[in-house]
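Data first, discussion second: the structure below is written as structure tokens.
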Amino acid sequence: MSGMIAILDYGSQYNQLIARRVRECRVYCEILPHDISPAELAGKGVKGIILSGGPASIFDRGVPKAHAGIFKMEVPILGICYGMQLMAHALGGRVTASEFREYGRAELKLSPQGEKSLLFSGLTGNQRIWMSHGDKVTRLPRGFSAVGETDNCPVAAMENRARRFYAVQFHPEVTHTLNGAVMLRNFLFQIAGCRPDWTMGSFIEENVRKIKEQIGEERVLCALSGGVDSSVLAILLHRAIGKRLVSLFVDNGLLRKGEPGEVVATFRDSFHLNFRMINARQRFLGRLRNVTDPEKKRKIIGHEFIRIFEEEARKLGKIRFLAQGTLYPDVIESKSSFGGPSAIIKSHHNVGGLPERLNMELVEPLRVLFKDEVRELGRELGVPESIVGRHPFPGPGLAVRILGRVTRRNIEIVQQADAIVRDEISDAGLFDEVWQDFAVLLPVRSVGVMGDGRTYENVIAVRAVTSTDGMTADWAKLPHEVLEKISSRIVNEVKGVNRVVYDISTKPPSTIEWE
Ligand code: XMP
């Protein structure tokens, strides 16, 4: 890897998007604390720095500033929005507060010098951009030229070509800035001299080496759930340390039909992992007996998992390391110093407190990756598509898709119905169109007629949603023929069900899961 780009975090909601755009250019980057020292940056081998946007006004007290030394590092810098104001302010320009926020689309007019600017290389004429700011730069710092303006903002872009400092008042990282990707590419390749060599192949090579270094001759324990993250994590660790990785797969009896078998076939039989499956179906079922409250179900399942994991870990003797599939968004969220709802990690992302309880050190090689990069890594490592391409599945499994009491019979019903939903949606070629698709067993009975007889049986709700991140979701507009087939198959094939309904609620106000 030929150096990295540091994105200094001033709290913009778009920071992760900047990181995505940089990585899409195959350049490695990290989002780092806004006041990181030049020495630390130099230690990371930075080739360029991006000062992010942020909600602060340079005039407020106690707002995040950059370490003055970063402007003396002789490293190219791109300031975005608040990052531009910060740069102007730090280098002796003037920023003027404005009562009006400019928000939305604007036209950037490049000056004649702007047309020759490396940042706008390959672009001519007016540029459609996206603005979101209040304050603006009204006097340039020494050595800078204005290279673009909008109707409301005389300095919408500025540069000091000799020092390789560039700044824009708008957001090149959002798609509403039509040529934003070109501008970012120009900064990375033409200005900072990066090379597009951040690939999954190079990631594997480098991380296998790092894992070997960290682990030495010790052993690592890993909780394998069969989900995307833990699967890719296990295969990567296995590549580095082979049988010294011990993978524990706890079958809680709440997985989808056929899933435990698939996990065993993949990890034990095909990848030959040092793999232990613990059949804990009975234990979970026992603990869940007569429990109907959703949060209670979650707590019981979480605690029972930890208990089993601890018991098994003890049986294995002293193991020094525990592997966890922490991803980059979790790391950024937990580190962000700007509060807000995104600062709280969902508790179910962590295997609640395990490392402390077991007195183990953590190994987290995926902590620099985004979800789709984990998928790409999995593919590169040869993890089957049926695992890498999986839809999200909740930790508490089918327990939160059986409303009311979780019994062996109810699990069977929901597993069968769920398998039909998934089959039919996949057969119709709609797997990639939906974010999640599943069956929910409702705690009501309804009257039906079958043959000559009256029935009084269960209702299955089918849920299929589209979403980009699970935070908001819309119900999937599945073709009627697909719904028809799902319904008739469930009623005909799943004993004990005589009615199927389709959930047409959005999130919010509903949630994706019913519990
Ligand atoms: P909701 O139902 O809150 O779900 O709209 C959003 C996303 O989170 C998943 N989900 C969970 N995942 N443990 C998990 O690991 C849980 O307790 C849990 N509850 C919901 C859900 O499947 C969806 O992808």
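The values are calculated or read from the model by the stated rules, or taken from the named source; none is laboratory data. Owing to the predicted nature of the structure, the values given are computational and were not obtained by experimental measurement. Note: ideal-geometry Cβ built from the backbone for every residue, glycine included; neighbour counts use all protein chains shown. The accessibility values were calculated without ligands, DNA or RNA, using every heavy atom of the protein model including side chains. Shrake-Rupley method; radii C 1.70, N 1.55, O 1.52, S 1.80 Å.
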(message) Here is a check on your reading of the model: is ASP151 modelled with pLDDT under 95 and over 18 Å from GLY54 (Cβ atoms)?
(response) yes
(message) As an exercise: evaluate VAL374 against (1) farther than 30 Å from CYS25 by Cβ; (2) within 16 Å of the ligand (Cβ to nearest atom) and give the number of the one condition it does not meet.
(response) (1)
(message) Between THR468, THR455, which is among the hydroxyl-bearing types (Ser, Thr, Tyr), part of a loop (DSSP other than H, G, I, E, B) and either outside the structural domain of LYS371 (by TED's automatic domain parsing) or modelled with pLDDT of 95 or more (or both)?
(response) THR468
(request) Starting from residues that are within 12 Å of the ligand (Cβ to nearest atom) and more than 20 Å from the chain's Cα centre (by Cα), keep the ones in the stretch 423-446 and report whichever is surrounded by the fewest Cβ atoms within 10 Å (Cβ to Cβ). (result) VAL440
(message) Considering only residues that are outside any loop (DSSP other than H, G, I, E, B) and more than 15 Å from ARG94 (Cβ to Cβ), which ones fall in the stretch 144-161?
(response) SER145, VAL147, GLY148, GLU149, THR150, ALA156, ALA157, GLU159, ASN160
(message) Can you confirm whether ARG185 is of a type in the set (Lys, Arg), in contact with a Cys (Cβ under 6 Å, 6 or more places away or on another chain) and either open to solvent by 10 Å² or more (accessible area, probe 1.4 Å) or without any contact (Cβ under 8 Å) to a residue 12 or more places away in the chain (or both)?
(response) yes
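Of the residues that make up the stretch 59-79, is at least one assigned to a loop (DSSP other than H, G, I, E, B), within 17 Å of HIS133 (Cβ to Cβ) and among the small types (Gly, Ala, Ser)?
no
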(request) Please work out if VAL449 is more than 30 Å from PHE271 (Cα to Cα), assigned to a loop (DSSP other than H, G, I, E, B) and either open to solvent by less than 40 Å² (accessible area, probe 1.4 Å) or of a type in the set (A, V, I, L, M) (or both). (result) no
(request) Only residues that are away from the ligand (no atom under 16 Å from the Cβ) and surrounded by 13 or more Cβ atoms within 10 Å (Cβ to Cβ): list them for the stretch 456-472, please. (result) GLU457, ASN458, VAL459, ILE460
(request) Name every residue in the stretch 96-110 that is part of a loop (DSSP other than H, G, I, E, B) and surrounded by 15 or more Cβ atoms within 10 Å (Cβ to Cβ), in order of residue number. (result) SER98
(message) So if I check each of SER132, SER202, SER231, which one is in a strand (DSSP E or B) and not charged (D, E, K, R)?
(response) SER132
(request) Check ASN179, ASN126 and return the single one that is under 32 Å from the mean Cα position of the chain (by Cα), surrounded by fewer than 18 Cβ atoms within 10 Å (Cβ to Cβ) and over 14 Å from GLY104 (Cα atoms). (result) ASN179
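Conditions tested, residue by residue: (1) small (Gly, Ala, Ser); (2) open to solvent by 20 Å² or more (accessible area, probe 1.4 Å).
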{"position": "ALA192", "(1), (2)": "yes, no"}
{"position": "ALA223", "(1), (2)": "yes, yes"}
{"position": "SER231", "(1), (2)": "yes, no"}
{"position": "LYS257", "(1), (2)": "no, yes"}
{"position": "PHE267", "(1), (2)": "no, no"}
{"position": "ARG287", "(1), (2)": "no, yes"}
(message) Cβ contacts < 6 Å: first residue farther than 16 Å from ALA428 by Cβ, restricted to the stretch 476-501; second residue open to solvent by 60 Å² or more (accessible area, probe 1.4 Å), any location; separation 6+ or different chain. Result?
(response) VAL494/GLN416
(request) Those residues that are open to solvent by 40 Å² or more (accessible area, probe 1.4 Å) and closer than 21 Å to THR407 by Cβ, I need them from the stretch 269-285; list them, please. (result) ASN279, ARG281, GLN282, ARG283
(message) Given (1) closer than 12 Å to ARG105 by Cα; (2) part of a loop (DSSP other than H, G, I, E, B); (3) open to solvent by less than 10 Å² (accessible area, probe 1.4 Å), identify the lone condition not met by PRO141.
(response) (1)
(message) Within the stretch 473-510, take every residue that is over 20 Å from ILE411 (Cα atoms) and open to solvent by 80 Å² or more (accessible area, probe 1.4 Å) and give me the one that is nearest to the ligand (Cβ to nearest atom).
(response) PRO508
(request) Could you check how many residues of the stretch 50-69 are in contact with a Leu (Cβ under 7 Å, 6 or more places away or on another chain) and crowded, with 21+ Cβ neighbours inside 10 Å? (result) 4
